[in-house]
Amino acid sequence: METNVVQVVNVAQAKSDGVQAFIMHHMQDSPVWAWTPSIHTTMPFGLTINAVMMLGVALLLIVCLGLAARNQDPVPTGLRNVLEFFAKYIRNEMVIPFLGEKDGRKMAPMFCTFFFFILVMNLAGLIPCFNTATANLSVTAALATVTLFFMVFGAIHKTGFIAFCKGFAPPGIPKPMLLMIVPIEVISMFIRIMALAIRLFANMLSGHLVIYSLLGMIVIFGFYALPALLGALGIYLLEVFVSFLQAYIFTLLSAIFIGERYHPAH
Amino acid sequence: MEDAVQTQAVTEVAVAGGHEQQGGQPGLMHVDGFMVGLTWTTFLLLSLVLYKVAWKPILKVLDQREKSIRDALDQAEKARVEAGAAEIRNRQLILAAEQESRKLVADAKISAQETAALIRNQAEQNARLLLQEARRDIEAATEQARIALRQETTDLAISLAGKVISANMDSDRNRALVNDLEKELKRP
């Protein structure tokens, strides 16, 4: 009897370790794409799953948005209507309030690309067999450094180097205090960018981790854990919402950060 | 035995995932330079292409639509202001017309009263003249009648005196003659 219990516990422990290994493997980027347990594809040119997902999403966006934009009906319908809604919202509500009318209109296309690129990468990861490219820190860090690029070089180009440096010294602060404040401001700029990257990465990663963990319970406990399917479904639906939310937050924060550097007086 | 079961379970689960566990994989927090570069390149190219094929035409149409809506609203506002001004102008015109008509009526009343007074005065004057003329006519007629009567009386008296003298009658007869003359005079 005791031997049987120990055996069951050991099997469960072993399955748990296996599930953990499975989850960790699927969370990490890999050059091998596992379509089914038996069908694997090794990516060419040293690409990884996330790289292919990202390139696929980019291609999909170019095709879909390009086709939708060709529709020149005076009354927009379908995808064109959705695109116009998002483009207008991003430009008028997220970009112009922080970058001003002139810069906002000029940079709105880049923020629209930010939003749709991140959104579609987030949503693509919810399709079975596909991966979430934004659950890869390299991808989110690269996107965040685009924001950093505009915060530094865009601001220098717009305001000049002196004004850019003065932006780190809040007005009205006594000069001795600047020795402490300026480094903090400089560091905070980089910390914001790191937070931007990690926020998107962690949110997308955690959602998938929870879904995999709930499904892993079925592997470990068998039919007893079937209710976990409902939990996984709930988390899956929540992930759809989180995909939109994170794309929105990343775009909005990028606009805010760049706007702060473009208009340091504000 | 236990080791065999454990190994079998791990293998089953790992195979179900499509892979055996791989050692030495980078951690989740690892930042891969190739991936970063690829993301930059992809984002840059995607931004340029989407700007050309999607955002530029869409935002241009949005701007045009916004402009047309703003123009239409401006025109509507302008029309509303013009309509308001026209309404004020019309009200002023109506007010002026009412004042003018009231003035015309008042003037007409005054003019009518003056004309009536004038006509009445002329009528009174005419009546007075006619009356005076009538009186003068009556007086003249009366005078003529009086003259005629006197003449008739004189003629009668002379006639009577002639008859008296020629008839040579007594006093009773004279009285009777006078009475007859009186009766004759009283006859119309």
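Looking at A:Val152 and the list (1) of a type in the set (A, V, I, L, M, F, W, C); (2) within 18 Å of the chain's Cα centre (by Cα); (3) open to solvent by less than 40 Å² (accessible area, probe 1.4 Å), which single condition is not satisfied?
(2)
The rows are residues; the columns are (1) closer than 30 Å to A:Arg80 by Cα; (2) within 14 Å of chain A (Cβ to nearest Cβ); (3) open to solvent by less than 60 Å² (accessible area, probe 1.4 Å).
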site	(1), (2), (3)
B:Gln64	yes, yes, no
B:Ala79	no, no, yes
B:Ala86	no, no, yes
B:Gln99	no, no, no
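Looking for whichever is at the interface with another protein chain (Cβ under 10 Å from one of its Cβ atoms), over 26 Å from A:Val210 (Cβ atoms) and in contact (Cβ under 8 Å) with a residue 24 or more places away in the chain here; the options are A:Leu55, A:Leu47, A:Leu99, A:Leu61. Which one fits?
A:Leu61
Among the residues of the stretch A:77-96, how many are of a type in the set (S, T, N, Q) and either part of a helix (DSSP H, G or I) or in contact (Cβ under 8 Å) with a residue 12 or more places away in the chain (or both)?
2
Out of the residues in the stretch A:20-32 meeting the condition of being facing chain B (nearest Cβ under 7 Å) and out of contact with any Ser or Thr (no Cβ under 8 Å at 6 or more places or on another chain), tell me which one is most open to solvent (accessible area, probe 1.4 Å).
Top of the filtered list is A:Phe22.
Taking B:Leu38, is it within 13 Å of chain A (Cβ to nearest Cβ), under 30 Å from A:Gln72 (Cβ atoms) and modelled with pLDDT of 90 or more?
Numbers: within 13 Å of chain A (Cβ to nearest Cβ): yes; under 30 Å from A:Gln72 (Cβ atoms): no; modelled with pLDDT of 90 or more: yes.
It is false that B:Leu38 is within 13 Å of chain A (Cβ to nearest Cβ), under 30 Å from A:Gln72 (Cβ atoms) and modelled with pLDDT of 90 or more.
The values are calculated or read from the model by the stated rules, or taken from the named source; none is laboratory data. Fair warning: this is a prediction, and the values are worked out from it, not measured in the lab. With ideal geometry, Cβ positions are generated from the backbone for all residues, glycine too; neighbour counts draw on all protein chains shown. Note: areas computed on protein heavy atoms with side chains; ligands, DNA, RNA excluded. Shrake-Rupley method; radii C 1.70, N 1.55, O 1.52, S 1.80 Å.
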